[in-house]
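Inspection log for the structure reproduced underneath, given as structure tokens.
The values are calculated or read from the model by the stated rules, or taken from the named source; none is laboratory data. From a predicted model like this one, the values you see are computed outputs, not experimental measurements. No Cβ is skipped: glycine too gets one built from the backbone with ideal geometry, and neighbour counts run over all protein chains shown.
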Amino acid sequence: MVDIVSNIRLLRQGIPSSVKIVAVSKTKPVEDILAAYEAGQRIFGENRVQELISKREILPGDIEWHLIGHLQTNKVKQLIPHIGMIHSADSQKLLEVIDMESGKASRTTDCLLQFHIAREETKSGLTIDEAIGILSSPAFARLKAVRICGVMGMATYSGDNELIRSEFRNLRKYFIQLKERFFPDNSSFREISMGMSGDYRIAIEEGATIIRIGSLIFGERGKD
Ligand SMILES: *Cc1c(COP(=O)(O)O)cnc(C)c1O
């Protein structure tokens, strides 16, 4: 039996209180999420829009739901009323759709820019040049209902801690570069979402403000 409550307590004890934990509950049943909720956890992460919405509808209303997986533009409209933060904003087009749907819903949506920092080709995300291109564009300047709150990235799945460390370090470098150039006086731009069950300690050493933890809280998943 996985002891979700003590997993969360242990995790919290081992990290600075300023670091936010997103409990990644993808594929896990609502009973598991409730157990974590009762241990005080309030931010949960899902990678599929439909799963996030179905869970949100039956779980306590003060849970903040984060989307951490790839988001298709045709899913944005249904997602917007339910979402606390989108970690996976990775194109100008997607930002425009999020902006449009948020505007229609009279709200502002918090987003992180997802970067490609890993060796694997399959991990999606922007390059720093693409991000600079987006943030400098007139189209970006017109967005009104999107709030860019920082950056997100996933390190290579690897046992090589120095490789992982250098990838996290790059992400923090991008964060600082963008902060100085585009958000110098904007206190909303402050989050670095990096680190999962296998590498969150390194991520925190390299400046993570948000870690995304699944299996260490809920136990191993089957195939996602
Ligand atoms: C699944 C997932 C996580 C959590 O992974 P664990 O190794 O189980 O902690 C974190 N971030 C993203 C983007 C994920 O898809």
For this session: Filter the range 147-165 down to residues that are more than 15 Å from the ligand (Cβ to nearest atom) and either over 24 Å from ASP99 (Cβ atoms) or at pLDDT below 95 (or both) and give me whichever is nearest to the chain's Cα centre (by Cα).
Result: ARG165
Exercise. How about the range 175-224: which of its residues are away from the ligand (no atom under 12 Å from the Cβ), within 14 Å of the chain's Cα centre (by Cα) and not in a loop (DSSP other than H, G, I, E, B)?
Worked result: GLU191, ILE192
For this session: Tell me which of these PHE168 doesn't satisfy, since it passes every other one: (1) in a helix (DSSP H, G or I); (2) more than 14 Å from the ligand (Cβ to nearest atom).
Result: (2)
Exercise. So is LYS93 at negative phi and touching a Phe, Trp or Tyr at 6+ places or on another chain (Cβ under 7 Å) or not?
Worked result: no
Exercise. Is it the case that LEU113 is in a strand (DSSP E or B), among the aliphatic types (A, V, I, L, M), touching a strand residue (DSSP E or B) at 6+ places or on another chain (Cβ under 6 Å) and under 28 Å from ILE164 (Cβ atoms)?
Worked result: yes
Problem set entry | Selection within the range 86-97 - in contact (Cβ under 8 Å) with a residue 24 or more places away in the chain and farther than 22 Å from ILE210 by Cα | GLN92, GLU96, VAL97
For this session: Pairs only if they're at least six apart or on different chains, beta carbon under 9 angstrom, first in the range 202-223 and farther than 21 Å from GLY159 by Cα, second of a type in the set (Val, Ile, Thr) and in a helix (DSSP H, G or I); list them, first residue then second.
Result: PHE218/ILE4; PHE218/ILE33
Seminar exercise, completed: Reported set for the range 46-96 where residues are out of contact with any Ser or Thr (no Cβ under 7 Å at 6 or more places or on another chain), farther than 19 Å from VAL151 by Cα and aliphatic (A, V, I, L, M) is VAL49, LEU52, ILE53, ILE58, LEU59, ILE63, VAL76, LEU79
Exercise. If you check LYS104, LYS179, which single one turns out to be closer than 15 Å to ILE192 by Cα and surrounded by fewer than 17 Cβ atoms within 10 Å (Cβ to Cβ)?
Worked result: LYS179
For this session: Check whether at least one residue in the range 15-38 is of a type in the set (Val, Ile, Thr), farther than 19 Å from ILE68 by Cα, out of contact with any strand residue (DSSP E or B) (no Cβ under 6 Å at 6 or more places or on another chain) and crowded, with 22+ Cβ neighbours inside 10 Å, and report yes or no.
Result: no
Exercise. Among the hydrophobic types (A, V, I, L, M, F, W, C), surrounded by fewer than 21 Cβ atoms within 10 Å (Cβ to Cβ), in a loop (DSSP other than H, G, I, E, B) and without any contact (Cβ under 8 Å) to a residue 60 or more places away in the chain - does that describe any residue in the range 76-85?
Worked result: no
For this session: Starting from residues that are in contact (Cβ under 8 Å) with a residue 40 or more places away in the chain and among the β-branched types (Val, Ile, Thr), keep the ones in the range 24-67 and report whichever is farthest from CYS111 (Cα to Cα).
Result: THR27
